[in-house]
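Presented below is the structure to which this report refers.
The values are calculated or read from the model by the stated rules, or taken from the named source; none is laboratory data. Small disclaimer: the values here were computed from a predicted structure and weren't measured. Here the Cβ positions follow ideal geometry from the backbone for every residue, glycine too, while neighbour counts run over all protein chains shown. Side chains are part of the model used for accessible areas, which takes the heavy atoms of the whole protein and leaves out ligands, DNA and RNA. Shrake-Rupley method; radii C 1.70, N 1.55, O 1.52, S 1.80 Å.
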Amino acid sequence: MKKRTEVAVIGAGVWGTTLTGIKADKGYDVRPWEFNPATAAFISKRRTHPSLPFYRLPDSVKIFTDIAEAVQSPDLIIVAVDSRHIRSTMRRVKPLLGGKRIPYIVAVSKGIEAGDFSTVCEIIEQEIPHSGKKAMIMTGPSFAVEVAAGAPTKVVLAGRDLKELKKASRLISGGPLKVEISRDRLGAELGGSLKNVYAVGSGIIDGLSQASKNSEAAFLIESASELRRIITTLGGKDETAWGLTGMGDLLLTATSAKSRNFRFGREIGRGLSAEQAQKKIKTVVEGFEALKTTKGLCAKHGIKVPVIESIYRIVYQNKEPVSILKAAGFSPKITNSKTI
């Protein structure tokens with residue numbers, strides 16, 4: 001009997017739960033692992049993640065709290081943990097793959113590591129030997145909650161090897177996901193991380209302006225131009241910056257209250273401190289950490305990033321939120337106002 005395709009999902013958050021369901025519906029043997037025992041128990045009992053009350057996992061899916069039980073003989077590993085924990089998690093996965101062929105390792109986590117500024121896929125390569133061609137990122141304009149609800153969604157699977165990308169895309173696709181492939185892995189990863197930073201800035205303007213879209217549009221154009229400059233300077237492709245993983249993801253994340261990064265920025269624009277805003281959002285705000293690492297990465301390579309610098313000063317140095325308008329190209333006279 002032919003072995004069923006086996007998928008280990010590392011992290012049963014909203015994305016991990018959604019992708020678990022999509023893979024299970026394809027008939028795969030899906031083995032999700034969750035670090036938090038309380039979350040794992042909730043999913044096991046309710047058959048869904050707390051943030052997805054309308055969604056239901058098949059009864060056949062078991063949630064594991066022992067990572068060794070999830071990583072048996074996988075054909076595909078989906079990495080869906082907070083990007084700050086990628087390295088430590090991959091160190092736990094590495095011995096479980098000893099003596100086995102390397103599976104496709106597809107990250108849906110986005111971020112840049114503090115210190116050496118490694119991307120998620122670069123960390124996977126560093127920690128899992130011989131995974132280079134099979135370490136990939138799935139990114140693009142995609143709210144997991146909308147994918148779970150069945151909204152048709154285009155994403156990009158980016159990696160180094162075209163042949164392996166084509167094979168992996170067949171494993172990843174399914175349900176509402178339409179998967180495109182790209183060999184610009186670095187550009188795709190940068191776009192996925194940077195959009196969270198710019199979403200914080202867009203949220204700040206939204207909070208200042210009581211949702212005036214005129215100011216946000218000007219800010220997004222400046223952000224898109226800066227995002228492109230970073231991606232191409234660091235070796236990514238121009239078409240990546242303007243495609244789904246760059247401009248597409250920026251438009252989604254930086255204009256919607258479904259984005260926690262946008263909501264975090266909006267609370268700051270309304271007058272809360274960064275600490276107060278984080279407490280109100282309650283969940284992880286990726287853009288908060290990404291702001292520091294992105295600023296450091298750009299400084300290392302001598303890239304001028306006035307928009308990121310402006311957001312950084314507001315979030316980390318308590319500068320007046322209205323100062324962000326200068327980075328969007330408005331005059332000092334306008335930016336001296338408390339609101340728009």
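A few points about this structure:
- Residue-by-residue Karplus 3J(HN,Hα) for region 150-159, coefficients 6.51, -1.76, 1.60, Hz, glycine and proline x: x, 5, x, 9, 9, 10, 10, 9, 10, x
- The Cβ shell under 15 Å around residue 115 holds other residues with a net charge of 0, Lys and Arg each +1, Asp and Glu each -1.
- Integer Hz, Karplus 6.51/-1.76/1.60 couplings in order for region 11-27, x for Gly and Pro: x, 9, x, 5, 5, x, 5, 4, 5, 4, x, 4, 5, 5, 5, 7, x
- Calculated accessible area for the chain comes out at 44 Å² per residue, all protein chains present (probe 1.4 Å; ligands, DNA, RNA ignored).
- Environment charge at residue 9 (Cβ cut-off 12 Å; Lys +1, Arg +1, Asp -1, Glu -1): 0
- Cα-based radius of gyration for region 1-58, normalised by 2.2 N^0.38 Å, reads 1.10.
- Over the chain, the pair-distance histogram of Cα-Cα distances with 20 Å bins from zero comes to 32, 56, 11, 0 percent, rounded to whole numbers.
- Only helices enter this figure: runs of n ≥ 4 DSSP H residues, each worth -39500 (n - 2.57), summed and divided by the residues of the chain, yield -14500 deg cm²/dmol at 222 nm to the nearest 500.
- FRET E, pair residue 313, residue 36, Förster distance 35 Å, beta-carbon r, rounded to 0.05: 0.55
- In terms of packing, defined here as the mean over residues of other Cβ atoms within 10 angstrom, the peptides 8-15, 119-126 line up highest first as 8-15, 119-126.
- Residues whose amide H lies under 5 Å from that of residue 181, counting only those 5 or more places away or on a different chain, are 157; hydrogens are built 1.01 Å from N in the peptide plane.
- Radius, Kirkwood style, for region 104-210 when every pair of distinct Cα atoms is counted (Å): 14.8
- Cα-centre dipole for the chain with unit charges at Cβ (Lys and Arg positive, Asp and Glu negative), debye to 20: 380
- Each residue of region 142-147 was assigned a 3J(HN,Hα) from its phi angle through the Karplus curve 6.51 cos²θ - 1.76 cosθ + 1.60 (θ = phi - 60°); the sequence is 7, 7, 4, 5, 6, 4 Hz, with glycine and proline shown as x.
- Of 279/300; 178/258; 237/304; 134/304; 62/295, those spanning more than 29 Å from alpha-carbon to alpha-carbon: 279/300; 134/304; 62/295
- Per atom type, the chain shows carbon and sulfur on 51% of its accessible surface, probed at 1.4 Å.
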